[in-house]
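Notes follow the structure.
The values are calculated or read from the model by the stated rules, or taken from the named source; none is laboratory data. Remember, predicted model here, so these are calculated numbers, not experimental data. Note: ideal-geometry Cβ built from the backbone for every residue, glycine included; neighbour counts use all protein chains shown. To get the accessible areas, we keep the full protein, side chains included, count just its heavy atoms, and leave off ligands, DNA and RNA. Shrake-Rupley method; radii C 1.70, N 1.55, O 1.52, S 1.80 Å.
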Amino acid sequence: MTYVRIAEVLTGLGMITEAKAQGVLEEFAEFASEPIESGYEIASALESFDVAVSIHTDDVDFADAHYEWLLNEAAALTGGEVTVSDYRFDKYHPQDEDCGLGTMYFACNGKPLSFGVEQESNDYLDMGAARAAIEALRSDGYPREFRCVVQEGPQLSDDIMVLASSEQREGLLQHLGITFDQPWYRG
């Protein structure tokens, strides 16, 4: 598998334009034809093509503010179909800067949503809350939605959230070997 092959698959599935594929291949020309070894690296490469975002497992510094950035990054991939507004994070212990417990609130296309966050430290994201919030970024009549790529092996890495229709997810499985978890958000 290479970036060149990924570009072909994404273009064939209608997930990106030829111009986008060419731009990414030019940007990564140095290694566009180099083999990509693992399924996780293949899924991670989808971020370069603007069809995925990752939820970081490492230290993010001030997770309560990072959720807003992450939601806006994900919404931007929809090309304006989904908007995020009115974000706020209510900490359970507002005076404690290190507290990661609370509730995030935001509106998706004007619809108010909220997700409980249960992280011991404000340095790390609550992966489940972040995943559910990104999955909630939907628009009526828009066929694409975010789904999380299944992790390989015992060591967990960043969660890769891919924006695709059900047919595109099937194509990603057939052509790139990418499998997806069932959604956490059912709203």
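Tabulated values for the structure
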| item | result |
| --- | --- |
| D140 being free of Cβ contacts under 8 Å to residues at least 12 places away in the same chain, of a type in the set (D, E) and either open to solvent by 20 Å² or more (accessible area, probe 1.4 Å) or under 24 Å from D61 (Cβ atoms) (or both) | yes |
| Residues located in the range 73-128, provided they are open to solvent by less than 60 Å² (accessible area, probe 1.4 Å) and in contact (Cβ under 8 Å) with a residue 60 or more places away in the chain | A74, A75, L77, T78, V82, L113, N122, D123, L125, D126, M127 |
| In the range 59-72, the residues that are open to solvent by 80 Å² or more (accessible area, probe 1.4 Å) and free of Cβ contacts under 8 Å to residues at least 40 places away in the same chain | W69 |
| Hits in the range 1-58 - residues which are hydrophobic (A, V, I, L, M, F, W, C) and farther than 21 Å from Q168 by Cβ | F28, A29, F31, A32 |
| Index of the failed condition, G23 passing every other in (1) part of a helix (DSSP H, G or I); (2) at pLDDT below 95 | (2) |
| Options A32, A43, A52, A107: the member that is out of contact with any Asp or Glu (no Cβ under 8 Å at 6 or more places or on another chain), aliphatic (A, V, I, L, M) and modelled with pLDDT of 95 or more | A52 |
| Pair list, Cβ < 7 Å and 6+ apart or interchain, from the range 149-178 residues that are farther than 21 Å from A130 by Cα to residues that are polar (S, T, N, Q) and surrounded by 12 or more Cβ atoms within 10 Å (Cβ to Cβ) | L173/T179 |
| Qualifying residues in the range 1-20 (those that are among the hydrophobic types (A, V, I, L, M, F, W, C) and within 18 Å of S165 (Cβ to Cβ)) - the one most open to solvent (accessible area, probe 1.4 Å) | L13 |
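Listed here are the residues, each with its yes/no results for (1) assigned to a helix (DSSP H, G or I); (2) in contact with a Cys (Cβ under 7 Å, 6 or more places away or on another chain); (3) of a type outside the set (G, A, S).
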residue	(1), (2), (3)
L113	no, no, yes
V117	no, no, yes
Y124	no, no, yes
G128	yes, no, no
A133	yes, no, no
L137	no, yes, yes
R147	no, no, yes
E152	no, no, yes
L156	no, no, yes
